[in-house]
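Working notes for the structure below.
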């Protein structure tokens with residue numbers, strides 16, 4: 001009887017481990033899909049000035065981030081354009097009052113040529129419709145070293161990519177896409 005019980009427990013354990021392993025594969029596939037850069041939007045009309053503004057925003061907001069972090073900043077800029085609240089063109093969105101910290105600086109540091117070129121390439125991709133999965137409804141973000149900005153609503157936090165924490169809504173805001 002002891003032996004039969006041990007065999008049944010072992011079979012049950014193997015079955016249980018197989019089920020867990022299968023479930024972990026499904027979860028891993030779901031996580032892998034999150035934060036991928038994919039072409040998901042229609043391209044937008046843009047001018048060379050728009051590309052310059054978007055490149056500057058990507059560079060000065062996410063220059064130290066990896067490529068995905070740079071795409072994420074570009075994605076939020078385009079989400080804000082889509083909302084219409086911050087402006088009707090990319091430059092208006094980028095230079096909307098007090099929205100991106102670098103725009104308040106009197107003097108900007110000289111760009112690193114390699115990082116600038118990468119930011120420029122990503123800006124072109126973003127206007128062509130490339131986006132980061134999981135950020136489709138995000139309009140706001142802040143760096144993780146900024147502790148509890150007055151506008152941040154933790155209930156609407158969706159993810160963190162690199163040093164940036166992303167939100168769908170700000171505290172007491174009606175804005176959303």
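If the condition is being free of Cβ contacts under 8 Å to residues at least 60 places away in the same chain, in contact with a helix residue (DSSP H, G or I) (Cβ under 9 Å, 6 or more places away or on another chain), in a strand (DSSP E or B) and crowded, with 17+ Cβ neighbours inside 10 Å, then segment 143-177 contributes 167, 170. Filter segment 79-88 for residues that are touching a helix residue (DSSP H, G or I) at 6+ places or on another chain (Cβ under 6 Å) and under 15 Å from residue 47 (Cβ atoms); which is surrounded by the most Cβ atoms within 10 Å (Cβ to Cβ)? My answer is 81. Within this structure, residue 124 passes the test of being surrounded by fewer than 19 Cβ atoms within 10 Å (Cβ to Cβ), assigned by TED's automatic domain parsing to the domain that holds residue 48 and assigned to a helix (DSSP H, G or I).
The values are calculated or read from the model by the stated rules, or taken from the named source; none is laboratory data. Note that the structure is predicted; figures quoted are calculated from it, not measured. Methodologically, a virtual Cβ is constructed for each residue, glycine included, from the backbone with ideal geometry; neighbour enumeration extends over all protein chains shown.
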